[in-house]
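Single-structure report; data block below.
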Amino acid sequence: MRVLLEVDDLLRSSRAHAIGRGLVPVPVLATVLCSAGFLYGLAMGSFNGQIQQMLYSGLKVPLLLLVATLVCLPSFFVLNSVLGLRDDFSAALRGVFAAQATLAVVLAATSPWPLLLYGSTTDYRLALNFNGLPFLLGALAAQIVLARHYRPLIARNRRQHLALWTWIFLYILVAMQSAWAMRPFVGDPSLEPQFFRDDAWSNGFVEIGRDLLRLGGLDRR
Amino acid sequence: MARILTDIDRLIRGEMLDAPALGRGEVKVDLRSLLRVGLVLGLVYGVFMGLYASLRPAHASMLAMVATTLKVPLLFLLTFLVTFPSLYVFSTLMGSKCRLHESLGLLIASMGTNLAVLASVGPITAFFTLCTDSYPFLVLLNVFFFALSGLISVGILSRSVRSLARAKEIVATDADFVVEEKIVDDDETDAKLDDEDDFVEETASAVIATLTPGDSPETPTDFDRTRSPRIRHATASPTDSLARVFRAWVIIYGIVGAQMGWILRPLIGTPDLPFAWFRPREGSFLTGLGQALVQLFR
């Protein structure tokens, strides 16, 4: 019940999650992120109805969000300091963490969607692509929360724009590769449940680029 | 260790470059701390960059990692040694009032910032090294991070140079004005002249402080508008010339840095080649970049 109240405050950016400086409510946000991410992961990994894959995906969704955030955090901190924005760093961090938790909350809220789809089709490619939609919506919601936190910061100092966009760029860069490295999330019915694929350490951007070249007829291999 | 961390914190907060002194037209830099911190930060990024060479499937070598760790600070040092003399000479020719030690301090502070930003993206480099097998991707990622950190530090250096140049011009022009008045009025004593010089300097600082709430002047026009026509006429040209020299230097610094990186290769470690301290003299940075782009999707 307490978590739900915190989620309500998070979505409204009120009380402990209000916009501005102050302590970042890390334990609360981490709890929300992990529990909400786990819930969506369970639903996402249920395509084959295998408990093992559901648990793997349940663990990997919050892990994905945490890894992407933590890897980018040192550069975000240094960039803020170098740009002379250190005084507002706690406010920026509150926005960044709140955005991550919001993304997880949106995923949890949309977790019935893949269940509905899985109940209607056995097409693996469709299931795979469909899961992009909740992530897209979650990312948009995270952007709204982040923009809400950043609005007063940018009004105070225009350089916050640069810090914000650098964060977004680095986060997308790392999150996409993390998602690629941590797959499978849905679980190919022709393969055994796995935590990581055997070719986990290939490069997501390169693979996507090759696919696009193939689609465009530029690579005929 | 604690001292190094404190120094790094001072560096990224911009406290190693004394801002009030900059407003007075002086450059006060804690050079020794800057060099020490710069070296540490360069070594840190070197470790992250050299991680690939120590983990690659064939020819994995810890020595390659050690080599890269040493080469990153060396890359910055050599680039600095190649570009600094020309920057100083040309900027002086174009009317810069920065003394040698002031230019040196500003550039080393800028390089320190560059290395701090670079070291901060080290975990991202390590992340991609650990979860990708694409060598061309790592090359391009490193090129991007070097460029990004360079641009950020150049932006900060640019503001400092502008601030310093204007502060010096105000002090110099107003000091000339005061001296002219004194020649006419012979009764004034030298002591009073010194007092007035101090007053001019303080006024210049106050003007800069007023114009730059926590920052250096953003636009020359805003700044110039508040000054008398006499001063505006006298100071417009050298600042513009200096800005042109500085822009040219930034381009040269980028080109030299890139080529220096090529000369010092291998930095990441080509997967199918054994470790060597240096590769044969051939090609250029652009050749390597082009090859990486071509091979990326193969």
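The values are calculated or read from the model by the stated rules, or taken from the named source; none is laboratory data. It should be emphasised that the depicted structure is a prediction, and the values quoted were computed from it without experimental measurement. Heads up, the Cβs are rebuilt from the backbone with ideal geometry, glycines too, and the neighbour counts pull from every protein chain shown. Protein only, heavy atoms only, side chains kept; ligands, DNA and RNA dropped before computing areas. Shrake-Rupley method; radii C 1.70, N 1.55, O 1.52, S 1.80 Å.
Out of the helices (runs of 4 or more DSSP H) lying entirely within segment B:1-106, which hold 3 or more residues that are open to solvent by 70 Å² or more (accessible area, probe 1.4 Å) and closer than 28 Å to B:Ile255 by Cα?
B:31-55, B:62-93
Of all residues being of a type in the set (S, T, N, Q) and open to solvent by 40 Å² or more (accessible area, probe 1.4 Å) in segment B:271-298, which is farthest from the other protein chains (Cβ to nearest Cβ)? Just the residue, please.
B:Thr287
Sort through A:Tyr118, A:Tyr150 and tell me the only one that's within 30 Å of A:Leu83 (Cα to Cα), more than 14 Å from every other protein chain (Cβ to nearest Cβ) and open to solvent by less than 50 Å² (accessible area, probe 1.4 Å).
Unique residue meeting the criteria: A:Tyr150.
Looking only at segment A:7-19, count how many residues are open to solvent by 30 Å² or more (accessible area, probe 1.4 Å) and either in contact (Cβ under 8 Å) with a residue 12 or more places away in the chain or of a type in the set (Phe, Trp, Tyr) (or both).
Residues in segment A:7-19 being open to solvent by 30 Å² or more (accessible area, probe 1.4 Å) and either in contact (Cβ under 8 Å) with a residue 12 or more places away in the chain or of a type in the set (Phe, Trp, Tyr) (or both): 3 in total.
Can you tell me which residue among A:Arg197, A:Arg183, A:Arg210, A:Arg159 is free of Cβ contacts under 8 Å to residues at least 60 places away in the same chain and either in contact with a strand residue (DSSP E or B) (Cβ under 9 Å, 6 or more places away or on another chain) or at the interface with chain B (Cβ under 10 Å from one of its Cβ atoms) (or both)?
The conditions single out A:Arg210.
Output the residues belonging to segment A:51-100 that are open to solvent by 10 Å² or more (accessible area, probe 1.4 Å) and of a type in the set (Phe, Trp, Tyr).
A:Tyr56, A:Phe77, A:Phe89, A:Phe97
With (1) open to solvent by less than 30 Å² (accessible area, probe 1.4 Å); (2) under 22 Å from the mean Cα position of the chain (by Cα) as the list, and B:Thr132 as the residue in question, which single condition is left unmet?
(2)
Within segment B:107-134, can you find the residues that are in a loop (DSSP other than H, G, I, E, B) and among the polar types (S, T, N, Q)?
Of everything in segment B:107-134, those that are in a loop (DSSP other than H, G, I, E, B) and among the polar types (S, T, N, Q) turn out to be B:Thr132, B:Ser134.
Which numbered condition in (1) more than 9 Å from chain B (Cβ to nearest Cβ); (2) small (Gly, Ala, Ser); (3) surrounded by 14 or more Cβ atoms within 10 Å (Cβ to Cβ) is the only one that A:Ser178 fails?
Here A:Ser178 meets the rest and fails (1).
If we scan segment B:126-149, do we find a residue that is within 30 Å of B:Arg32 (Cβ to Cβ), touching a helix residue (DSSP H, G or I) at 6+ places or on another chain (Cβ under 8 Å), at the interface with chain A (Cβ under 8 Å from one of its Cβ atoms) and modelled with pLDDT of 95 or more?
no
Filter segment B:108-125 down to residues that are surrounded by fewer than 22 Cβ atoms within 10 Å (Cβ to Cβ) and among the hydrophobic types (A, V, I, L, M, F, W, C) and give me whichever is farthest from the other protein chains (Cβ to nearest Cβ).
B:Ile108
Considering each residue of segment A:166-203, count those that are among the small types (Gly, Ala, Ser) and more than 24 Å from A:Leu79 (Cβ to Cβ), and give that number.
Selection size over segment A:166-203: 5.
Just to be sure, is A:Gly22 among the small types (Gly, Ala, Ser), in a loop (DSSP other than H, G, I, E, B) and open to solvent by 40 Å² or more (accessible area, probe 1.4 Å)?
no
Could you please tell me which pairs satisfy a Cβ distance under 6 Å, a separation of 6+ or placement on different chains, a first residue in segment A:63-85 that is free of Cβ contacts under 8 Å to residues at least 40 places away in the same chain and farther than 21 Å from A:Met176 by Cα, and a second residue that is of a type outside the set (Val, Ile, Thr) and surrounded by 18 or more Cβ atoms within 10 Å (Cβ to Cβ)?
That search, which allows pairs on different chains as well, returns A:Val78/B:Ala116; A:Val78/B:Ser120.
Identify, from the list B:Ser103, B:Ser54, the residue that is under 14 Å from the mean Cα position of the chain (by Cα) and at pLDDT below 95.
B:Ser103
Do the conditions hold for A:Leu33, that is, is it within 14 Å of chain B (Cβ to nearest Cβ), open to solvent by less than 20 Å² (accessible area, probe 1.4 Å), within 14 Å of the chain's Cα centre (by Cα) and under 18 Å from A:Ala142 (Cα atoms)?
For A:Leu33, the condition - within 14 Å of chain B (Cβ to nearest Cβ), open to solvent by less than 20 Å² (accessible area, probe 1.4 Å), within 14 Å of the chain's Cα centre (by Cα) and under 18 Å from A:Ala142 (Cα atoms) - is not met.
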